[in-house]
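Heads up, the thing below is written out as structure tokens.
The values are calculated or read from the model by the stated rules, or taken from the named source; none is laboratory data. In this text, all values refer to a predicted model and were calculated from it rather than measured experimentally. A quick note on method: Cβ atoms are made from the backbone with ideal geometry, for glycine too, and the neighbour counts reach across all protein chains shown.
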């Protein structure tokens, strides 16, 4: 990377605490907005493509709308949307910037809307636009004015058009790369609309009318997000749903996170690229939507998982790009990275086998079938997944946490749960007995090999320790809530791997839990569901509320939460946390739903 291509604005916009960033997303890509109105992360044209704003991880590229005088920042999402309003109180008054990616997005073209408004008093605002393609390698070129006064340029292989900023000043035509600056002085009540377009092909359409674009985006969000009035914490549930929708592409794939390389604390070097679709995470989201408000977002999850099962069968990959292609190999960039993080793109998950993905896919398909939303292709995909489990359930796999290959207990039990759930959903047919018998065999074998002497499940036959993942199979209907193994596992887990209603995945070593890694927010919501299943409503709500608060100021969740420093850790936002938050908010509003059936003979606890 040529250092001269990084904007001289970078020192003005150093990285912020992850909890201060908001997400803009339109299904095809996402942007992070900081407290000074800086868009410091955006990949284009789609999630997994190169970043054009990469200041978040030390690269070039930034788009900032910032008060020119001292200010106190704030902001909020408009209810049930990813329309973000930055709000700054200055010495002169109050100024806002309303931001959104035009929704729903097009696969090859993005439209970024910014509306600056002087709410109270006069507003002096400084605007900087400095996109740099290829994570900072390729500055703008061929900059010129269009026929309507808008700015046009080339940006790597993208076409750029910026309208509403005809009075902006271009600068840095030489080695520093081209950027624009704009100084605004707005009287109270005045506003300025800025529209940035980036396209994979030439932008030949007329310039975007901001009023129409805003109105269309508002209507689209209003129609996409259900009311969710029967959930706990309705506004937060709607926001979680909006995050999941914003991270789901036209092809149905939902990326795990919008970012790459943001630091975790679980182990040195655990900084990954999550801008891809994990089958497991997609299934969590689909099941959450099925619990809260079955509709198009459930259909999207089913469509993507079904297509991948038909294409790859027993060789199903744990993750794909949003267009269903293989995840690229992991490689570094020549960037400083976010402080404490690295600069990685791609992911080594493309070389892993994760058995539990087949079980999660079956659980997703069964949830759709229970709501009458599974078609013939979906049922065929269920058969493919079940056959893959039959062929591979004895194979060692990387497991839910993507570790070394073992006979992970969770992987096998979640596959058995998926088989039972899809068999129940099918009701009849030759496959029902086959799927149920296979589930019985897996549970019986796992009980012989991975049941701890204390009567609880253990991580694997050769690892007697506990794992948060072992709470999931009973929640998915593998065993009734009153099964002694279910209860023993929950009791032991909460005693050994939780602290003050924060949950941890497993014990890494002898260090205190919060020194080895951050609290795993997904696991906190899982415990809330497990306590609810047991009828422990007060504890369930305590878990739910504690972990509901483990978010940043805009309400976004990362993968982990540093309890001591009260900070987010990991890529942002982490979709599976929002999925479990949504599911918990739906299920806690009603009675425990797992049927209290007597155990099957093969399941009977010793």
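A few points about this structure:
- Test: residue in the stretch 547-562 that is outside any loop (DSSP other than H, G, I, E, B), under 22 Å from residue 229 (Cα atoms) and touching a strand residue (DSSP E or B) at 6+ places or on another chain (Cβ under 8 Å): yes
- Scan of the stretch 1-39 for residues that are part of a loop (DSSP other than H, G, I, E, B), closer than 21 Å to residue 198 by Cα and modelled with pLDDT under 95, ordered by number: 6, 7
- For residue 331, the conditions (1) at pLDDT below 95; (2) farther than 23 Å from residue 288 by Cβ; (3) within 19 Å of the chain's Cα centre (by Cα) all hold with the exception of (3).
- Qualifying residue in the stretch 190-209 (condition: out of contact with any strand residue (DSSP E or B) (no Cβ under 8 Å at 6 or more places or on another chain), modelled with pLDDT of 95 or more and either more than 23 Å from residue 573 (Cβ to Cβ) or not assigned by TED's automatic domain parsing to the domain that holds residue 561 (or both)): yes
- For the stretch 190-222, the set of residues classified as over 30 Å from residue 121 (Cα atoms) and outside any strand (DSSP E or B) consists of 200, 201, 202, 203, 204, 205, 206, 207, 219, 220, 221, 222, listed by residue number.
- Any hit, the stretch 248-255, residues being in the same structural domain as residue 558 (by TED's automatic domain parsing), surrounded by fewer than 20 Cβ atoms within 10 Å (Cβ to Cβ), modelled with pLDDT of 95 or more and closer than 21 Å to residue 590 by Cβ: no
- Contact map, the stretch 76-91: residues that are at positive phi and touching a residue at least 60 places away in the same chain (Cβ under 8 Å) paired with residues that are surrounded by 17 or more Cβ atoms within 10 Å (Cβ to Cβ) and not in a strand (DSSP E or B), Cβ distance under 7 Å, separation 6+ or inter-chain. Pairs shown: 80/221; 80/225; 80/238; 80/242.
- Single residue of the stretch 563-578 satisfying the filter (surrounded by fewer than 24 Cβ atoms within 10 Å (Cβ to Cβ) and touching a strand residue (DSSP E or B) at 6+ places or on another chain (Cβ under 9 Å)) that is farthest from residue 22 (Cα to Cα): 563
- Subset of the stretch 70-90 (residues that are in contact with a helix residue (DSSP H, G or I) (Cβ under 7 Å, 6 or more places away or on another chain) and assigned to a strand (DSSP E or B)): 77
- Of everything in the stretch 345-378 that is without any contact (Cβ under 8 Å) to a residue 24 or more places away in the chain, part of a helix (DSSP H, G or I) and over 21 Å from the mean Cα position of the chain (by Cα), the residue that is nearest to residue 431 (Cα to Cα) is 376.
Results for (1) at pLDDT 95 or above; (2) buried (at least 24 other Cβ atoms within 10 Å of the Cβ); (3) touching a strand residue (DSSP E or B) at 6+ places or on another chain (Cβ under 8 Å), shown as yes or no for each residue.
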| residue | (1), (2), (3) |
| --- | --- |
| 41 | yes, yes, yes |
| 45 | yes, no, yes |
| 59 | no, yes, yes |
| 78 | yes, no, yes |
| 102 | yes, no, yes |
| 106 | yes, no, no |
| 113 | yes, no, yes |
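- Any hit, the stretch 459-479, residues being free of Cβ contacts under 8 Å to residues at least 24 places away in the same chain and surrounded by fewer than 22 Cβ atoms within 10 Å (Cβ to Cβ): yes
- Among the residues of the stretch 563-589, those that are part of a helix (DSSP H, G or I) and either under 9 Å from the mean Cα position of the chain (by Cα) or within 15 Å of residue 245 (Cα to Cα) (or both) comprise 575, 576, 577, 578, 579, 580, 581, 582, 583.
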